[in-house]
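One structure is given below, encoded as structure tokens.
The values are calculated or read from the model by the stated rules, or taken from the named source; none is laboratory data. Worth saying up front: this structure is predicted, and the values here are computed from it rather than measured. Positions of Cβ are backbone-derived with ideal geometry, glycine not excepted, and every protein chain shown enters the neighbour counts. Note: accessible area is taken over every heavy atom of the protein model, side chains too, but ligands, DNA and RNA are not part of it. Shrake-Rupley method; radii C 1.70, N 1.55, O 1.52, S 1.80 Å.
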Amino acid sequence: MKIAAGQFTCVPADVSANVRRMTALAAEARARDAELVVFPELALTGYELDAVLADRSLWAKADDPRLDAIRDSGIATVVNCVAATEGPRPAIETLVFGSDGEPITTYRKQHLFEHEQDAFTAGRRDGRFELGGVRFALATCYDNHFPALTSRGAADGCQVHLAGSLYGTSGGADELATVYPGIAKDADMYVVLANHVGPAGPWTGCGRSAVWAPGGALLTQADSETAAVVVAEVG
């Protein structure tokens, strides 16, 4: 199976514009025979916390009609957004759709980073799904810094670890170059990282979305400046 990671510069707080950008990248991934594409953290809105917390219309759910183009892209997609919860605070949530557009699963970020802790509700369960006979684990940005979470995926029979993240230009490239091959080595899984590139809220995403093989070898990586998809075969 071929898996893709898509990186792009989000339009701040513009769901429709970001859906168009993701749909174009999904089409490129599909043209390169990928069966699944994963996008960065908060790809629907950009990492615009003030905006998404002030405007509930920027929150999304699996049956949101604004996501129709992504669901109709003919490839499985992993899309991160802000979503309502059962309580007063929203969650940073991952929506997974099959190539037929049907929802497969959702996952809420469990390990909230600093300023996120006062704004969002942390998830309480791990993210898992199967596609094409391959078992996947889900994590969002800071989640990936907790070995207990990533090791549970390996123990649960996952072969591929999918991470939508935001790493900035101030040390982010070095950080992701340590964290993600480390997961691939320690958990003995493929690791697929989708990162922001360009302005992302208070940061500038450093790009370098990539795929690592079990053991930590780098299979493919995007550059630090341009919107792109990178594709690698897993399994």
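Structure data summary
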{"item": "Matching strands (runs of 3 or more DSSP E) fully within the range 118-212 where at least 2 residues are among the β-branched types (Val, Ile, Thr)", "result": "134-140, 190-195"}
{"item": "Set 55, 33, 72: member being open to solvent by 50 Å² or more (accessible area, probe 1.4 Å) and at positive phi", "result": "33"}
{"item": "Hits in the range 144-170 - residues which are among the small types (Gly, Ala, Ser), modelled with pLDDT of 95 or more and touching a strand residue (DSSP E or B) at 6+ places or on another chain (Cβ under 9 Å)", "result": "153, 154, 157, 163, 164, 165, 168"}
{"item": "Residue match in the range 91-110 (condition: over 21 Å from residue 23 (Cα atoms) and either at pLDDT below 95 or of a type in the set (S, T, N, Q) (or both))", "result": "yes"}
{"item": "Subset of the range 218-235 (residues that are in a loop (DSSP other than H, G, I, E, B), under 20 Å from residue 134 (Cα atoms) and either modelled with pLDDT of 95 or more or among the aliphatic types (A, V, I, L, M) (or both))", "result": "234"}
{"item": "Exclusive hit being touching a His at 6+ places or on another chain (Cβ under 6 Å), buried (at least 18 other Cβ atoms within 10 Å of the Cβ) and within 26 Å of residue 46 (Cβ to Cβ), set 205, 201", "result": "205"}
{"item": "Tally, over the range 171-185, of residues that are out of contact with any Ser or Thr (no Cβ under 8 Å at 6 or more places or on another chain) and open to solvent by 10 Å² or more (accessible area, probe 1.4 Å)", "result": "9"}
{"item": "Close pairs (8 angstrom Cβ cut-off, 6 or more residues apart or separate chains): over 12 Å from residue 19 (Cα atoms) in the range 51-73, open to solvent by 60 Å² or more (accessible area, probe 1.4 Å) and not in a helix (DSSP H, G or I) anywhere", "result": "51/12; 62/103; 63/103"}
{"item": "Every residue from the range 123-150 that is over 21 Å from residue 195 (Cβ atoms) and surrounded by 15 or more Cβ atoms within 10 Å (Cβ to Cβ)", "result": "126, 128, 129, 131, 134, 135"}
{"item": "Matching residues in the range 5-38 - criterion: being in contact (Cβ under 8 Å) with a residue 24 or more places away in the chain, in a helix (DSSP H, G or I) and within 23 Å of residue 202 (Cβ to Cβ)", "result": "15, 18, 21, 22"}
{"item": "Output for the range 184-201, where each listed residue is more than 14 Å from residue 136 (Cα to Cα) and either free of Cβ contacts under 8 Å to residues at least 40 places away in the same chain or of a type in the set (D, E, K, R) (or both)", "result": "185, 186"}
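One line per residue, one yes/no per condition, for (1) more than 15 Å from the chain's Cα centre (by Cα); (2) open to solvent by less than 10 Å² (accessible area, probe 1.4 Å); (3) over 15 Å from residue 145 (Cβ atoms); (4) of a type in the set (Gly, Ala, Ser):
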residue	(1), (2), (3), (4)
161	no, yes, no, no
169	yes, no, yes, no
187	yes, no, no, yes
226	yes, no, yes, no
